[in-house]
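Working notes, structure below.
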Amino acid sequence: MIGSPGREQVSRVLQQHGALMVLAALVIVGSLAFDSFATEGNAASILVSSSFTAIIAIGMTFVIISGGIDLSVGSLFVFGGVLAAYGSQYGLFVALALPLAACGLVGLLQGLLIARTGMAPFIVTLAGLLGVRGLMLAISDEGATTYLVKDSAFAQLGQGGVLGLTWPVYITAILAVAAMILLQRTAFGQNVYAVGGNEQGAALMGVPVARTKVYVYLMSGLLAGLAGVLNAARLSSGVTILGIGLELDVIAAVVIGGTLLTGGAGGITGTIAGVLLLGVIQSLINQVGNLTSAFQQVVSGLFLALVVVAQRLLGRAQRLG
Amino acid sequence: MSQSAAPVLEARQISKRFPGVVALDGVSLALFPGEVHALVGENGAGKSTLIKVFTGVHRPDAGELIYNGSPAAFGTPLDAQRAGISTIYQEVNLVPMMSVARNLMLGREPRGRLGVIDTARMYGEAERILAGYGVVTDVRRPLRTLGMGVQQMVALARAVAIDARVVIMDEPTSSLEPREVETLFSVIRKLKDDGIAVVYVSHRLDELYAVCDRVTVLRDGKVAHTGPLAGLERLKLISLMLGRDLDEVKSGGLTRFSRDRRRAGKRDGAPPAVRAEGLTRRQVLHGVDVAVWSGEVVGLGGLLGAGRSETAKAIVGALRLDSGRVLVAGLPLRTGSTTAAVRAGAGLLPEDRKAEGIIPELSVRENIALAALPSLSRAGVVSDAKIDKVVEVFMRRLKIKAASPHQPVQELSGGNQQKVLLARWLAIRPKILLLDEPTRGIDVGAKAEVQALVDELAEEGLGVLLISSDLEELVEGADRILVMREGAVVGELSGDDVTEDKIMASIAERGAESDG
Ligand SMILES: Nc1ncnc2c1ncn2[C@@H]1O[C@H](COP(=O)(O)OP(=O)(O)OP(=O)(O)O)[C@@H](O)[C@H]1O
Ligand SMILES: [Mg+2]
């Protein structure tokens, strides 16, 4: 046998579940330090505010595992929200279908460009980021028009709920479980790992590389749109000034969750842990009081750097091991 | 095999051109059910290209494929696989980060309820399949944590497990141990009995004669010969491959790298070129001592997993050690630093070229010059003329077949990539050179060339540590042999004791067989 299985395993577990462990540790520390942290209200607010990022991050996890990146999700998130609010005047169905169709189409186009022409995902989705934001501004008079949600059933989708949590939290949970099964237990999921791990090899093993990539970007577009839809329902309006830089937060959460930016490895559990971790950090900083949200970004940034360094070291331990 | 049966797969007048090179030029080949067909030729002769045309990776520029009696054109490897053509490509083409089981079962995972992959069954099935190939391992481990040989067995198991009518193997034995080669052969014989056609590519002639029925020789993209293998003399086969007269081959000693004496190395009080003391790493190496003096070639013998590659890696600081130290020319090296090792003049040609050596997008020239840049530059400015000279010398000596020095290395044939990497380490003019399977995938002609070059460098005072699964190569190339087993040096052979039998005996000594 080559290498020592013990060390290899330890580093693999750390890689996959490091975010979860840190999350647990932070929650414990937070509960001990602040009385107002471990309250139901606070937990609910962390879950609710994290759920939108989480939905997008689920799609991003697939993209990154497949060896790509999707920078368009922040724009799709606002675009989806504005379209949903606009569509709500025609009823619940249009409020859902219009934004999902539009965002799905954008994702599909990006996927086709990336998979069929071999253009770099970074470039294609950067174009998507700019183009979609432009589209959103175009339908909202340069962002001046904020459509209000006219359909109360639709608003309920974002505001209603049970057991102190709103529907988006439950939807996120369902999506996360579905994504986990999709990734670990279906041929499509296996193909995503294979494409990200060794694209050429995957093609020779008979993996439909192009199709897999198209699906991955389609999914990411759909999920970003869905997050926007739910957010519009929550806010009862299609706010146009959201989502700038959101793609970076999402990527950060995914990477913190242990998914390798180089593709081929990662998972949904880690991503959810990563998203919650960022949410908890934010909440803790709010607890401290007189610290601004700028500070939160500094902490998140430091954390990300730490994780990437740790990943490198772990990766090397696995290689040398 | 019966020649009267209709061929299952046939190539008719296939041509394939790449920029600057005609890889295939009107190649015809018929493959019959139940035959093992050897496909041979020098590096760059077009073997892999022909295979890739068969399997839909490349579209031929001219000619047609006939599969099961009707014209076929596979658009993708998947199409070919679905139609029943299963292939092990030359480069082990699996996904290193995925688990062994998932690699093995990719595309045909067992389904449970709701069409979801049944992981328990997948692991069980993977274990069972691999056990049939003598591989016993935790199938949940990432593939990359296993040795090259085991990875190749996984690729083999994967290809054979697919319900195929044609199985194509492009140099399947390049990373295998003799014992694993035996397993492979029994698999091939079973395929043959089942009426499956096998295409077998290898540069090891012994293997061809052991399992193949017929042979097709490619030379410069053309068929130089095709016919039954039995009765075709070895030297005749070589002469067909090289395109030279039989007499010339006979007198040139192209097959045998004859060594009449064994050098002793310069032990005149000077410290050895490299000395490793007590290299230890839990479960891998247990106090390995190795010394190589300048001017000698020391062979490392042993089975897969005996710790040979790990020893070489440890010496150049590419494997973390629990204890032990390495001295180059008497001076201790900073441990765990490959940079320090290269600076001190130790170069390692690694076993896993794809992952650890070749930079596919760079040109032949850049790949060769990479490690030698410091010595080819003055005050940080690289001398183009000097690089050209070095590159020219090695491309000629090693007969590297490329359209030009500026061709990206990934476009070269497998054997030629290998030569490029070898050239890189030779170009740094090292004091000590560690070669891990240096002639893997290299054709007969070039192999002798490489061996001669190594020998010449040793004459000039270089110390060489040679790792090879090919006992013949060890015996012919080494002055002295250290035999390793289970992470320790268990024997040393020198002088007249350096024979294949003695090495085998030393490996087998002291009972229990290593588990690889
Ligand atoms: N993708 C490519 N682009 C350009 N040239 C190529 C490409 N693939 C192969 N070639 C060229 O085609 C020729 C035949 O290569 P091929 O890989 O078929 O050789 P081979 O017989 O398999 O050799 P080896 O024994 O070294 O594996 C070589 O000259 C090689 O450089
Ligand atoms: Mg080849």
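Laid out as a table, the results:
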quantity: Isotropically averaged projected area of segment B:359-429, using the convex hull of Cα atoms (one quarter of hull area), nm²; calculated: 4.2
quantity: Förster radius 60 Å - calculated FRET efficiency between A:Gln156 and B:Asp61, Cβ distance, rounded to 0.05; calculated: 0.40
quantity: HN-Hα J in Hz across segment B:453-465 - Karplus 6.51, -1.76, 1.60, θ = phi - 60°, x for Gly and Pro; calculated: 5, 4, 4, 4, 5, 5, 4, 7, x, 7, x, 10, 10
quantity: Choice from A:Leu226, A:Leu302, A:Leu129 showing the highest fluctuation, given a GNM over chain A with Cα pairs closer than 10 Å; calculated: A:Leu302
quantity: Solvent-accessible surface ranking, highest first, for A:Tyr90, A:Tyr217, A:Tyr147 at 1.4 angstrom; calculated: A:Tyr90, A:Tyr147, A:Tyr217
quantity: Long-range amide H partners of B:His225 with built H, under 5 Å; calculated: B:Val217
quantity: With DNA, RNA and ligands ignored, accessible area of A:Phe188 (1.4 Å probe; Å², nearest 10); calculated: 40
quantity: Whichever aspartates and glutamates have a C-alpha closer than 15 Å to that of B:Lys502, once near sequence neighbours (fewer than 8 apart) are set aside; calculated: B:Asp470, B:Glu472, B:Glu473, B:Glu476, B:Asp479, B:Glu492
quantity: Tilt relative to chain B, helix B:178-193 - C-alpha long axis, 0 to 90 degrees, to 10; calculated: 10
quantity: Where B:Asp138, B:Asp206, B:Asp496 fall by accessible area, highest first, once all protein chains stay in place (1.4 Å); calculated: B:Asp496, B:Asp206, B:Asp138
quantity: DSSP bridge pairs, the protein assembly as shown: antiparallel proportion in percent, nearest 5; calculated: 60
quantity: Folded to 0 to 90 degrees: helix B:384-397 orientation relative to chain B principal axis, Cα; calculated: 60
quantity: Residue-level accessible surface for B:Val328, protein heavy atoms, 1.4 Å, Å²; calculated: 10
quantity: Projected label distance in nm at A:Ala310 and A:Tyr170, using a 7 Å step from Cα toward the beta-carbon; calculated: 3.4
quantity: Set of aspartates and glutamates near B:Lys386 by C-alpha distance (under 16 Å), chain-local residues within fewer than 8 positions excluded; calculated: B:Glu366
quantity: Distant-in-sequence amide H partners of B:Val490 (H built 1.01 Å from N, under 5 Å); calculated: B:Val483, B:Met484, B:Arg485
quantity: Sequence of B:Met148, A:Met180, B:Met504, B:Met241 when ordered by accessible area, the most exposed leading, probe 1.4 angstrom; calculated: B:Met504, A:Met180, B:Met148, B:Met241
quantity: Angstrom value of the Kirkwood radius, inverse mean 1/r, which spans all Cα pairs in the protein assembly as shown; calculated: 29.7
quantity: Rule-of-thumb Rg ratio for chain B [Cα; 2.2 N^0.38 Å; N residues]; calculated: 0.99
quantity: Delta accessible area of at least 20 Å² on complex formation, residues of segment B:68-92, 1.4 Å probe, chain isolated as reference; calculated: B:Pro77, B:Leu78, B:Gln81, B:Tyr89
quantity: Chain B - share of DSSP beta bridges that are antiparallel (%, nearest 5); calculated: 55
quantity: Cross-link table B:Lys192/B:Lys419; B:Lys52/B:Lys222; B:Lys222/B:Lys389, entries beyond 26 Å C-alpha to C-alpha; calculated: B:Lys192/B:Lys419; B:Lys222/B:Lys389
quantity: Distance (nanometres) between label positions extended 7 Å along Cα→Cβ at B:Thr119 and B:Ala452; calculated: 5.7
quantity: √(5λ) per eigenvalue of the Cα gyration tensor, segment B:363-516, largest first, Å; calculated: 34, 17, 14
quantity: B:Ser404-B:Glu361 pseudo-label distance in nm [points 7 Å out on the Cα-to-Cβ vector]; calculated: 2.1
quantity: Per residue accessible area of the protein assembly as shown, 1.4 Å probe, in Å²; calculated: 41
quantity: Calculated [θ] (222 nm, deg cm²/dmol) that DSSP helices of n ≥ 4 give over the protein assembly as shown, each run adding -39,500 (n - 2.57); calculated: -16000 deg cm²/dmol
quantity: Rounded to whole Hz, the Karplus (6.51, -1.76, 1.60) HN-Hα couplings of segment B:302-309, x for glycine and proline; calculated: x, 7, 4, x, 7, x, 5, 4
quantity: Under 12 Å, Cβ to Cβ, from B:Ala371 - net charge with Lys/Arg +1 and Asp/Glu -1; calculated: +2
quantity: Ratio Rg/Rh [Cα only; Rh per Kirkwood] for segment A:52-266; calculated: 0.99
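The values are calculated or read from the model by the stated rules, or taken from the named source; none is laboratory data. Just so you know, these numbers come straight off a predicted model, no measurement behind them. No Cβ is skipped: glycine too gets one built from the backbone with ideal geometry, and neighbour counts run over all protein chains shown. Please note that ligands, DNA and RNA were not included when accessible areas were found on the heavy atoms of the full protein model with its side chains. Shrake-Rupley method; radii C 1.70, N 1.55, O 1.52, S 1.80 Å.
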